[in-house]
1. Quick one: Cα centre-to-centre distance for the stretch 168-191 and the stretch 54-121, in angstrom?
2. Could you order peptides 89-99, 190-200 by the average number of other Cβ atoms within 10 Å of their residues, highest first?
3. Send over the per residue convex hull volume for the chain, Cα only, as a whole number of Å³.
4. Using per-residue counts of other Cβ atoms within 10 Å, averaged over each peptide, order 219-228, 54-63 from highest down.
5. Can you bin every Cα-Cα distance in the stretch 29-123 into 5 Å intervals starting at zero and give me the percent of pairs per bin, rounded to whole numbers?
6. About its Cα centre, what dipole magnitude does the chain give when the only charges are +1 on Lys and Arg Cβ and -1 on Asp and Glu Cβ, stated in debye to the nearest 20?
7. By how many degrees, 0 to 90 and rounded to 10, does the Cα axis of helix 168-185 deviate from the longest principal axis of the chain?
8. If you average the sequence gap of Cα pairs under 8 Å that are 6 or more apart and divide by the length of the stretch 77-153, what percent do you get for the contact order?
Amino acid sequence: MLFIRGLHFRYKNINALEDVAMGLDKGEILSVVGPNGAGKTTLLKCIARIVKPTKGTILIDGKDASRMNRLSLARRISYVPQSSPSKFPVTVFETVLMGRRPYIIWKPSKKDLKVVADLLKSMDLEDIALRGFDKLSGGQKQKVLLARAFAQDTDYLLLDEPTSNLDLKHQMEVMEMISSMVKEKGVAAILAMHDLNLASRFSDKIVMLNGGKIFCIGTPPQVMTVENIRSVYGVEVKISTDNGHPYILPKRPIG
């Protein structure tokens with residue numbers, strides 16, 4: 001289980017996160033939603049120890065993340081940022097192989113190469129394995145970066161806006177891949193999301209942030225309500241249900 005208690009992060013004179021507390025079991029997808037500046041990306045970076053929290057505790061399977069070295073942490077958590085350098089002078093195969101770095105001592109083993117080959121096959125990336133990463137479309141790049149995260153073979157995935165700048169087809173493909181990996185491998189994923197309907201459809205839990213604080217937390221039906229969205233986003237919406245998942249239709253901004 002990943003457990004967060006009393007997490008704060010202050011950037012210069014801004015409280016980016018205040019008293020954030022939540023837990024996530026393996027086999028679950030948790031989406032973090034909220035308006036721009038709510039603290040979604042900062043929360044993921046704190047968990048990944050890319051930035052150091054001002055105070056608070058992050059426990060990974062009962063172990064304090066602040067006491068883990070980089071290698072130990074990299075074997076437990078993989079992180080895919082919202083944007084990555086678009087000009088990797090490497091192939092798709094080499095990019096995915098980077099995910100095996102926490103396990104490689106001198107050179108990639110047969111196991112490392114097999115993990116990458118199996119992922120490329122299962123994610124339908126074999127045909128572009130030798131293509132340069134910088135030659136790919138946005139959707140292809142996102143799938144390759146996901147494959148790199150999966151290759152890291154961690155129990156926890158942190159994905160910052162995994163569907164940003166993707167068309168509808170690639171959004172669904174990426175979310176289906178994440179969902180399949182979580183359920184089949186028994187790992188857990190935390191996603192920073194802008195798209196409320198995708199978050200509602202694919203998440204087991206949702207955390208709604210506002211101004212760096214948790215406004216509410218729960219299942220999609222508990223969080224995705226007219227009242228919550230009005231309060232946090234300042235938008236009037238209509239909510240219907242699709243196969244048990246709330247579906248949000250914006251009506252108009254307030255004021």
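Quick note: the coordinates plus some simple rules give every number you see, no bench work behind them. All of these numbers come straight from a predicted model, not from anything done at the bench. Glycine also receives a Cβ, built like all others from the backbone with ideal geometry; neighbour counts cover every protein chain displayed.
1. 17 Å
2. In decreasing order of mean packing, 89-99, 190-200 become 190-200, 89-99.
3. Details: hull volume 35.7 nm³, N = 255.
Considering the Cα atoms of the chain, their hull volume per residue is 140 Å³.
4. 219-228, 54-63
5. 2, 10, 17, 18, 18, 17, 12, 5, 1
6. Here the chain has a charge dipole of around 920 debye.
7. 80 degrees
8. Normalised by residue count, the contact order of the stretch 77-153 is 53 percent.
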